[in-house]
Amino acid sequence: MFKRNTVAVILLIISAFTGTLAFRLAVPAIAYYSRDVLKASMVSISIISTSFIFARAFAAVFGGYIVDRKPRLIVIGALMMALNAPLVYLYSLATSWIYVVGIKLINGFLNGIAWPLAQLAVAYASPKNSKARVSAIYFFFGSLASLTGNYLYAFTINLGMKRQMILSGAFYVLTGLLMLIAYLLIGEIKRGGQKKGENIEVDPKVIMVFGAFVSLISAFAFGEITYIYVSETIRIGKGKVAMILGTISFFSSLSSYFLSWIADSLGSVRALKVISLFAFLAPILAGIRTELTIFIGIFLALLAVNSFRPISRKVLVVHSRSSLAIGGINGIQNISTFLGGMIFGLSYSLGSIGVYHLAFLPYLPFSLALVIVTRKLGK
C-alpha cells in the first residue's frame, strides 16, 4: 500500500505540472484575445477572469460532497480534467467576450471538481509527518508549470490562438490520464479515524475565514486582470509580461516550501502568522506604480496563497469529513478570489492618485481584518 501511494503521489505531482501548464498557456492568450480582438473593457476582463473562479468555487464544494458520500467516485476528477481539452478550443472561436464568459464558467466547473480531489488525494496518501511539505511540492510543480506555460505562450504567439488551444487541450488529456492512474492506485479515500475536531492544530472555522481573507486580498495577482494591469501600467510587451509573471509565480512557490517546513516542524500557527504579514503588505506595494513595487506586491500575494494552500490541506485532511472540508476551503477561497477580482475590475477605472493606483485601495480594510483573524489562530 505504501509503495502504491508513493507512486500515486508522484503521478499526481506530475499531473499538477501538466494540468497547470495547460491552464497557464491559455490564460494570457484569452486575456489578450479578449482585450485586443474582442475589445473587452477592464470590467469585462475581470468578469471573464472571475467567472472561472466563481464556477470553480461551487464545483469544489459539490465535488467534495460527492466524494464524502461515495469515496470511490474520486475518479470523476480525472474525467472532468480531460473534458477541458475540447472546451478550450472554443475560446478561439468566440466572437464576443460574453461567449468567453460562458466557456469560462464551464471551464471553472470542470476544474473546480478536478483540482480539490487531487489535493485531497495527495494529502491523504502522503506520510503523516510530511503532509504539508509533500503538498507544497505538489503546488510547487504547479507553479513550475505556470512559469513554463507563460514562457510557452510567449514562444508560440506566432502559431495563433487556435493552435495554442490545441496544444493546451493535449496537456489536459494527459493530465486526466495521470490522475486516473493515481486514483486507481490509491483506491478508496477512507475517512480518518479521528473524531471530529480531534488533533486539528487550528480551528477549521478560523482556517476558513483566514483563507477567505488571504484569497480576496491576493485576487489581483491571478488571472487575466493581472496581465492587463502589468502591461498597461509598465508598458511592456505581452510576451515579456507573461514571462515575468511566470517567473514571479515560480519563485513564490519555491519560497512557499519554507513556510511548509515551518508548519511541519514548528506548527501551522507560526506559519500562518507569517503568511498574514505577506498578505497585508501585498496590495500596499502592488498599488505603487513602479516596476519593483508592483512585482514585489504580486510576489507577496502569490507567496501568501501558495503557502496557505498546503498548510490548510495539512490541517483539514485529519478532519472527520476531510473531502468535504478540503472542498469547502477550495470553494471559499474561490468565492473570495472572485469577489476580489470584481473589486479590482470595478475600481480599476478610478485611476491613480500620485503613484498609487486606487484599484488597490478597497483591499486595505480586508488586510487589517486579516491581522485581527490572525490573533485568533490556535485558540
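The values are calculated or read from the model by the stated rules, or taken from the named source; none is laboratory data. On a predicted model such as this, the values are computed, not experimentally measured, just so you know. Quick reminder, even Gly has a Cβ in these numbers, built from the backbone with ideal geometry, and neighbours come from all protein chains shown. Remember, those area values only see protein heavy atoms, side chains included, never the ligands or the DNA or RNA. Shrake-Rupley method; radii C 1.70, N 1.55, O 1.52, S 1.80 Å.
So here's what we get for this one:
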item: With DNA, RNA and ligands ignored, accessible area of Trp115 (1.4 Å probe; Å², nearest 10); result: 40 Å²
item: Shape category assigned to the stretch 248-352 from the gyration tensor of Cα positions, a/c cut at 1.5; result: oblate
item: Residue-averaged [θ]222 nm for the chain, counting only DSSP H segments that reach four residues, each worth -39500 (n - 2.57); result: -26500 deg cm²/dmol
item: Dimensionless Rg/Rh of the stretch 1-160 - Kirkwood Rh, Rg from C-alpha atoms; result: 1.01
item: Centroid-to-centroid separation of the stretch 210-268 and the stretch 70-122 [C-alpha atoms, Å]; result: 22 Å
item: Quotient of Cα Rg and 2.2 N^0.38 Å for the stretch 12-83, N being how many residues it contains; result: 1.39
item: Shape parameters for the chain, alpha-carbon atoms, Rg then Dmax in Å; result: 19.3, 61
item: Solvent-accessible area, 1.4 Å probe, carbon plus sulfur percent, for the stretch 209-360; result: 71 percent
item: Span-like helix ranges in the chain, DSSP H, alpha carbon extent 18 angstrom or more, Kyte mean at least -1.0; result: 2-32, 42-69, 97-125, 131-155, 161-186, 204-217, 238-266, 268-286, 291-316, 322-347
item: Which listed pairs, of Lys3/Lys131; Lys162/Lys240; Lys273/Lys314; Lys3/Lys128, have C-alpha distances above 19 Å, in listed order; result: Lys162/Lys240
item: Sites Arg4 and Leu177, calculated FRET efficiency, Cβ-Cβ separation with R0 25 Å, nearest 0.05; result: 0.90
item: Average accessible surface area per residue within the chain, 1.4 Å rolling probe, Å²; result: 39 Å²
item: Cut-off under 5 Å, modelled amide H: who pairs with Ser352 long-range; result: Leu358
item: Overall Cα dimensions of the stretch 86-198, principal axis frame, Å, largest first; result: 53, 27, 25
